[in-house]
Amino acid sequence: MSLRSKTLILLGLAACSDITATSDGVATLLIEIPSPAQVEVGETIGLVATPLDANGEVVAAPVYWIALDSTVAVDSAAGLLTGLIPKSTGRVVARTGDLYSSPLSFSVLERADTLIRIAPSQDTVEAGESESGVLEVRLDGGEPPAPLSGRVIVYQVVDPVFGVAESRTVELTGGGLVQGTKTTASGSTSPGIRLHRRSGYQAPDSAVVTASAWRPGGESIPGSGVRFTVRFVNP
């Protein structure tokens, strides 16, 4: 499961005159982009623009895309945006007729290569202990390869399966069965994620936690789904 989402932006159109609508009657564009607005080097994501008239109704009019910076490339007709230069910002605009949208800015990220497990795949929480060790992974990428900071890693308890979250007998650092947290300069998350006994409940004999990361367009990064098995010794 990815925690990424989409953002809908309603943009007015501008021209070099007092024109307020195209000959097709387009007054605004409803644009759908990833949230946050990011793209990796070499990754291609889709941008969607829907023309609307002054009443908010959809207009059957063509929309074209233009890259304003050399840090990104965009397919004029299809709206496919590709990151070119890492650690930069790239802007694009949408055009319909003689009217243009406001610029849309995207952060161009270094390409993530792999998610690596650093901590042992198995851990034991003894009776009298409340939590596991840190379930550490590291995200590497770029050229030359190095740890990547500011990227989200999602931890999830996948076994046992709880019918409702309130019935959980274990939980991740911060509470709950799913946690997304950003990497630091080390490529790992801070604070580190652990698996905890839930106060007032008896922990299962064992539990499985996965760690995953995704590219801005939603593709999982190699190594995602890495598993940790935590065994509990109950009093």
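The values are calculated or read from the model by the stated rules, or taken from the named source; none is laboratory data. Keep in mind the model is a prediction, meaning the values are calculated, not measured. Ideal geometry is used to build each Cβ from the backbone, glycine not excepted, and the neighbour counts take in all protein chains shown.
Of the residues that make up the stretch 81-88, is at least one under 18 Å from the mean Cα position of the chain (by Cα) and among the charged types (D, E, K, R)?
Yes, the conditions are met somewhere in the stretch 81-88.
For the stretch 37-79, which positions are within 14 Å of Arg91 (Cα to Cα) and small (Gly, Ala, Ser)?
Matches in the stretch 37-79: Ala37, Ala67, Ser70, Ala73, Ser76, Gly79.
Out of (1) part of a strand (DSSP E or B); (2) touching an Asp or Glu at 6+ places or on another chain (Cβ under 6 Å), the odd one out for Arg138 is which?
Unmet condition: (2).
Of (1) in contact with a Gly (Cβ under 7 Å, 6 or more places away or on another chain); (2) under 22 Å from Pro204 (Cα atoms), Pro120 satisfies all except one. Which?
For Pro120, the exception is condition (1).
Does Ala119 satisfy being aliphatic (A, V, I, L, M), surrounded by 14 or more Cβ atoms within 10 Å (Cβ to Cβ) and over 23 Å from the mean Cα position of the chain (by Cα)?
Spelling it out, Ala119 is indeed aliphatic (A, V, I, L, M), surrounded by 14 or more Cβ atoms within 10 Å (Cβ to Cβ) and over 23 Å from the mean Cα position of the chain (by Cα).
If you go through the stretch 89-112 one residue at a time, do you hit one that is of a type in the set (Asp, Glu) and in contact with an Asp or Glu (Cβ under 9 Å, 6 or more places away or on another chain)?
yes
So for the stretch 166-176 (the condition being touching a His at 6+ places or on another chain (Cβ under 8 Å), crowded, with 19+ Cβ neighbours inside 10 Å and part of a loop (DSSP other than H, G, I, E, B)), does at least one residue qualify?
Yes - at least one qualifying residue is present in the stretch 166-176.
Can you find, within the stretch 9-56, the residue that is modelled with the lowest pLDDT among those that are of a type in the set (A, V, I, L, M) and either farther than 22 Å from Ala78 by Cα or assigned by TED's automatic domain parsing to the domain that holds Gly141 (or both)?
Checking each candidate, the answer is Ile19.
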